[in-house]
Amino acid sequence: MKQKLLLTFPAEATGHTITYELITKYQLEVNILRASIDFNAQGFLLIEVIGDISSRKEALDFLLENNVEVREINAAILINEEKCINCGACTAACTVGALYMDNNWCLSFDNEKCLDCKTCVVACPKRAIEAVL
Amino acid sequence: MVTKTYAQINEKIKNGVAVVVTAEEVLDIIEEKGIEGATEYVDVVTTATFGPMCSSGAFLNLGHSDPAIRMEKVKLNNVNAYAGLAAVDAYIGATQESDDRGYEYGGAHVICDLIDGKQVHLQATGKGTDCYPRKSIDTYITKDSINEAYIYNPRNCYQNYNAAINTSSKRLFTYMGILNPNSSVVTYSTSGQLSPLLNDPLYRTIGIGTRIFIGGGVGYVAWKGTQFKSGVERDEKDLPQVPAGTLALVGDLKQMSTKYIQPAVFERYGTSMFVGIGIPIPILDENIMRHVAVKDEDIFTNVVDYSVFEGPKPVLARVSYKDLRSGEIEVQGKRVRTAPLSSLHKAREIAGELKAWIEKGEFFIQEPVDQFQTDCTLNGLKIVKKEG
């Protein structure tokens with residue numbers, strides 16, 4: 001099973017080879033989507049992991065033991081349905097077709113296709129799309 | 001030949017027996033009954049649009065303070081309003097950007113805050129005169145604390161606007177949305193077969209004085225819209241082949257709802273405003289029914305290259321609105337995605353709302369007091385030397 005996880009590292013954990021251990025010790029396939037570290041030596045890592053349930057659970061315990069905060073990310077963007085007027089301007093910016101108009105000309109979002117490029121966030125004339133990260 | 005008068009149709013509306021349908025619903029009726037039968041059966045067809053229209057704004061009369069001021073500079077929530085008018089009259093334009101938040105908050109936001117009943121910060125200055133001694137004022141207004149407040153839209157309801165593409169290698173930020181490079185998307189802004197002036201291509205019932213739905217309230221067609229260019233090539237259905245007519249609209253801001261009028265922000269372009277418009281078309285005869293029979297597949301527009309900045313923008317393809325709505329068109333041998341900018345979903349809601357008003361006998365059809373000409377041309381702006 002594939003899962004997107006946002007790992008937030010406290011300063012004391014940033015020096016450890018955590019990703020290396022996720023791959024070697026827990027046999028997870030890890031795809032790093034985004035990574036950053038700030039001036040306080042705190043960082044985050046957005047990864048996509050593939051692995052069986054038991055190794056993912058063990059890996060999660062390992063991360064928590066190292067004070068890494070773990071959050072599952074279901075979608076890279078949040079659409080405010082109160083604000084959205086279904087104009088479709090965001091679908092122009094979305095090159096992969098994750099945002100599209102349905103048969104009733106209402107906006108739809110296919111999370112699987114989203115590459116988290118955030119162009120839709122600025123393309124929305126209603127400012128109704130928020131980036132999760 | 002079936003004919004009806006405005007008076008006969010309004011009598012039916014008054015008695016609650018008028019048959020009112022939207023410009024989409026009428027298509028099935030024509031299919032079933034034919035033009036003649038449909039003309040006899042249907043009394044009014046409602047059209048609508050909900051697109052971003054920069055040429056929007058509102059006239060406000062702010063009321064006189066004690067002592068009075070002749071306002072020469074007016075700011076509303078830090079957005080400049082034009083005050084080169086009488087003492088406390090001002091015009092707030094939709095695209096004017098705020099001093100502090102730029103285009104993320106502009107005139108359109110001020111207008112919608114007023115509609116929502118919010119307090120708006122008014123700061124004004126004047127030089128002071130014998131009759132208006134005050135030189136500055138700092139206070140808060142609401143739509144109920146001021147006098148007249150009406151939207152005046154110098155241009156709306158563009159008849160057959162272009163679709164946009166970008167053949168360059170750079171992403172473009174435009175009023176037609178974000179145009180990704182290398183011809184990867186075509187954007188278009190229309191409600192197509194539901195659009196007012198595409199259902200009345202020769203302006204027979206839409207003219208000066210036509211009563212309309214605007215922003216959730218009642219308004220009127222005030223004049224021909226700016227850049228009105230009716231003298232263009234038309235097909236056998238009288239549809240213009242290029243952008244043609246436009247409408248200048250007026251409506252009471254105090255009746256409006258932000259369900260039907262909303263601010264818009266176009267990245268690296270500026271503030272704009274979505275203005276919801278609904279216009280009824282009385283079915284006076286079979287010719288009018290033939291015009292409202294228009295379908296997306298009948299309406300053709302040009303796909304224009306927005307990456308060309310000098311000279312006329314090249315037309316790369318000619319496509320129907322049905323093609324644009326299909327999600328993909330062919331431009332110079334390449335399949336290109338299409339994306340709308342105007343909300344068809346909202347336009348349908350407005351056409352339905354106006355239909356309900358007429359069915360309930362709350363809205364009557366106003367015959368235009370004057371009609372638009374069909375031979376108007378458009379001037380460009382030349383850079384010339386002063387004469388003499």
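The values are calculated or read from the model by the stated rules, or taken from the named source; none is laboratory data. Predicted model, so just to flag it, every value in this text is computed and none were measured. When we count neighbours, we look across all protein chains shown, and the Cβ atoms used for this are built from the backbone with ideal geometry, even at glycine. To get the accessible areas, we keep the full protein, side chains included, count just its heavy atoms, and leave off ligands, DNA and RNA. Shrake-Rupley method; radii C 1.70, N 1.55, O 1.52, S 1.80 Å.
Every residue in segment A:82-95 that is more than 13 Å from B:ALA339 (Cα to Cα) and either more than 7 Å from chain B (Cβ to nearest Cβ) or without any contact (Cβ under 8 Å) to a residue 12 or more places away in the chain (or both), please. Before you say what the answer is, go through the steps one by one.
Going residue by residue through segment A:82-95, those that are more than 13 Å from B:ALA339 (Cα to Cα) are A:82-85.
Result: A:GLU82, A:LYS83, A:CYS84.
Failed condition for B:PHE50, given (1) out of contact with any strand residue (DSSP E or B) (no Cβ under 7 Å at 6 or more places or on another chain); (2) of a type in the set (Phe, Trp, Tyr); (3) crowded, with 24+ Cβ neighbours inside 10 Å, with all others met?
With respect to (1) out of contact with any strand residue (DSSP E or B) (no Cβ under 7 Å at 6 or more places or on another chain); (2) of a type in the set (Phe, Trp, Tyr); (3) crowded, with 24+ Cβ neighbours inside 10 Å, B:PHE50 is out only on (1).
So how many residues does segment B:326-341 have that are within 28 Å of the chain's Cα centre (by Cα), of a type in the set (S, T, N, Q) and either assigned to a strand (DSSP E or B) or loosely packed, with under 12 Cβ neighbours inside 10 Å (or both)?
Here the count works out to 1.
Filter the strands (runs of 3 or more DSSP E) completely within segment B:132-187 down to those with at least 2 residues that are away from chain A (no Cβ under 14 Å).
Details: elements: B:136-141, B:149-156, B:163-165, B:172-174, B:177-179.
Answer list for segment B:132-187: B:136-141, B:149-156.
If A:CYS94 passes every condition in (1) in contact with a His (Cβ under 9 Å, 6 or more places away or on another chain); (2) in the same structural domain as A:LYS126 (by TED's automatic domain parsing); (3) hydrophobic (A, V, I, L, M, F, W, C) but one, which one does it miss?
Every listed condition holds for A:CYS94 apart from (1).
Would you check which residues across segment B:134-163 are more than 17 Å from B:PHE50 (Cβ to Cβ) and of a type in the set (Lys, Arg) and list them?
B:ARG134, B:LYS135, B:LYS143
Pull up segment A:96-107, narrow it to residues that are in contact with a Cys (Cβ under 9 Å, 6 or more places away or on another chain) and at the interface with chain B (Cβ under 8 Å from one of its Cβ atoms), then point me to the one that is nearest to B:ALA264 (Cα to Cα).
To start, the set of residues in segment A:96-107 that are in contact with a Cys (Cβ under 9 Å, 6 or more places away or on another chain) comprises A:96, A:98-100, A:106-107.
Those left that are additionally at the interface with chain B (Cβ under 8 Å from one of its Cβ atoms): A:100, A:106.
On the way: A:TYR100: 20, A:CYS106: 18 Å.
This residue is A:CYS106.
Go over the candidates B:GLY102, B:GLY84, B:GLY117 one by one and state the one that is open to solvent by 10 Å² or more (accessible area, probe 1.4 Å) and within 14 Å of chain A (Cβ to nearest Cβ). Full working, then the answer.
Numbers: B:GLY84 fails: within 14 Å of chain A (Cβ to nearest Cβ); B:GLY117 fails: within 14 Å of chain A (Cβ to nearest Cβ).
That would be B:GLY102, the only listed residue that is open to solvent by 10 Å² or more (accessible area, probe 1.4 Å) and within 14 Å of chain A (Cβ to nearest Cβ).
Restrict the check to segment B:291-300 and report whether at least one residue is open to solvent by 10 Å² or more (accessible area, probe 1.4 Å), in a loop (DSSP other than H, G, I, E, B), among the aliphatic types (A, V, I, L, M) and under 22 Å from B:ARG348 (Cα atoms).
Pass one, segment B:291-300, residues open to solvent by 10 Å² or more (accessible area, probe 1.4 Å): B:291, B:293, B:295-298, B:300.
Cutting the leftovers down to in a loop (DSSP other than H, G, I, E, B) gives us B:293, B:295.
Pick out the ones that are also among the aliphatic types (A, V, I, L, M) and you get B:293.
Add one more test, that the residue is under 22 Å from B:ARG348 (Cα atoms), and what stays is B:293.
Yes - at least one qualifying residue is present in segment B:291-300.
How about segment B:41-113: which strands (runs of 3 or more DSSP E) wholly inside it have at least 1 residues that are of a type in the set (Asp, Glu)?
Per the criteria, B:89-93, B:102-106.
If B:ALA124 satisfies all but one of (1) within 30 Å of B:GLN332 (Cβ to Cβ); (2) open to solvent by less than 40 Å² (accessible area, probe 1.4 Å); (3) more than 12 Å from chain A (Cβ to nearest Cβ), what's the number of the condition it fails?
Checking B:ALA124 against (1) within 30 Å of B:GLN332 (Cβ to Cβ); (2) open to solvent by less than 40 Å² (accessible area, probe 1.4 Å); (3) more than 12 Å from chain A (Cβ to nearest Cβ), the one that fails is (1).
Out of B:LEU354, B:LEU381, report the one residue that is open to solvent by 60 Å² or more (accessible area, probe 1.4 Å) and away from chain A (no Cβ under 14 Å).
Values: B:LEU354 fails: open to solvent by 60 Å² or more (accessible area, probe 1.4 Å).
Going through B:LEU354, B:LEU381 in turn, just one is open to solvent by 60 Å² or more (accessible area, probe 1.4 Å) and away from chain A (no Cβ under 14 Å): B:LEU381.
Identify all residues within segment A:9-47 that are assigned to a strand (DSSP E or B) and over 18 Å from A:LEU60 (Cα atoms); write none if there are none. Working first, answer last.
As a first pass, look at segment A:9-47 and keep what is assigned to a strand (DSSP E or B): A:9, A:29-37, A:43-47.
Answer for segment A:9-47, where residues must be assigned to a strand (DSSP E or B) and over 18 Å from A:LEU60 (Cα atoms): A:LEU33, A:ARG34, A:ALA35, A:SER36, A:ILE37.
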